[in-house]
Every structure is written in C-alpha cells, then in structure tokens.
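**Q** Dumping the structure here so I can ask a few things about it.
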Amino acid sequence: MIASSIAVRSTRIVMWYFPVIPYLKYLFRNKAHAKLMRWHKNDYKQDKMLRHATDGSQWSKINKEFPDFADNTRNLMFGLIKDGMNLFGK
C-alpha cells in the first residue's frame, strides 16, 4: 500500500534551438564587439595567473592539438555548461 502512493518520476529531456551563426555575424559586424571577440588571441596576458578559461590546461591542450584552429583570431571556442540542469523538470 505504501509503495503505490509513491509517484515515479521520469527524466525529461528538453532541447532548445539557438541559431548561433547569425548571432556571431551580428557580433563581428560591430567593430567594438569584434575587438572583444578576438580578445583571446590579441590581448591575452600570459602571467601564470588563472583568470579566465584561456588560462586553463584544457584550453592550452586544445590549442596544441589543433594549431591551425588556434592561430586564426576569428575562430571561437564554445563551452557546454550544464549548471542548473534539472532532469526532473522542477
């Protein structure tokens, strides 16, 4: 009797579509925004302090593994963030 009163919760998968290419074109169209988007290559400080994701070991590992991608200042790296992910939809 007690077991029948407990509701079984199932996971919920929600997916959103985010058209990233038009948004990036919009950002690079503005000169001030374009300068900020190239920050990781042009204005990067190498002082062994952990200030940004570019200072992490994984970022430098990706740059070493894909040197052609890392050399172009217009290439951007995206990170997947799962903070706040709720499998049960509450």
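**Q** For the stretch 14-36, does any single residue satisfy the condition of being surrounded by 10 or more Cβ atoms within 10 Å (Cβ to Cβ) and at pLDDT below 75?
**A** no
**Q** Answer yes or no as to whether Ile2 is of a type in the set (Val, Ile, Thr) and modelled with pLDDT of 75 or more.
**A** Numbers: of a type in the set (Val, Ile, Thr): yes; modelled with pLDDT of 75 or more: no.
Here the answer is no, as Ile2 does not meet what is asked.
**Q** Can you give me the ranges of the helices (runs of 4 or more DSSP H) entirely in the stretch 18-74 with at least 2 residues that are among the aromatic types (Phe, Trp, Tyr)? So that I can check it myself, show each step before the final result.
**A** Numbers: elements: 20-29, 31-37, 39-42, 57-65, 67-71.
Filter on the stretch 18-74 gives 20-29.
**Q** On the given criteria, is Thr11 modelled with pLDDT under 75, in a helix (DSSP H, G or I) and either touching a Pro at 6+ places or on another chain (Cβ under 6 Å) or not acidic (Asp, Glu) (or both)?
**A** The answer is no for Thr11.
**Q** So, one more: Any residue in the stretch 45-58 that's over 17 Å from Asn75 (Cβ atoms): show its pairings with residues that are part of a loop (DSSP other than H, G, I, E, B) and small (Gly, Ala, Ser) at Cβ separation under 9 Å, as long as the two are six or more apart or on different chains.
**A** Leu50/Gly56
Conditions (1) in contact with a Leu (Cβ under 9 Å, 6 or more places away or on another chain); (2) modelled with pLDDT of 80 or more; (3) surrounded by 10 or more Cβ atoms within 10 Å (Cβ to Cβ), marked per residue:
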site	(1), (2), (3)
Tyr44	no, no, yes
Met49	no, no, no
Ala70	no, yes, yes
Gly79	no, no, no
Lys90	no, no, no
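**Q** List every residue pair whose Cβ atoms lie under 6 Å apart, where the two residues are 6 or more positions apart in sequence or sit on different chains, the first residue falls within the stretch 29-43 and is closer than 11 Å to Arg74 by Cα, and the second residue, located anywhere, is not polar (S, T, N, Q).
**A** Ala34/Phe28; Met37/Leu27
The values are calculated or read from the model by the stated rules, or taken from the named source; none is laboratory data. All of these numbers come straight from a predicted model, not from anything done at the bench. Here Cβ is always computed from backbone atoms with ideal geometry, including for glycine, and neighbour counts include all displayed protein chains.
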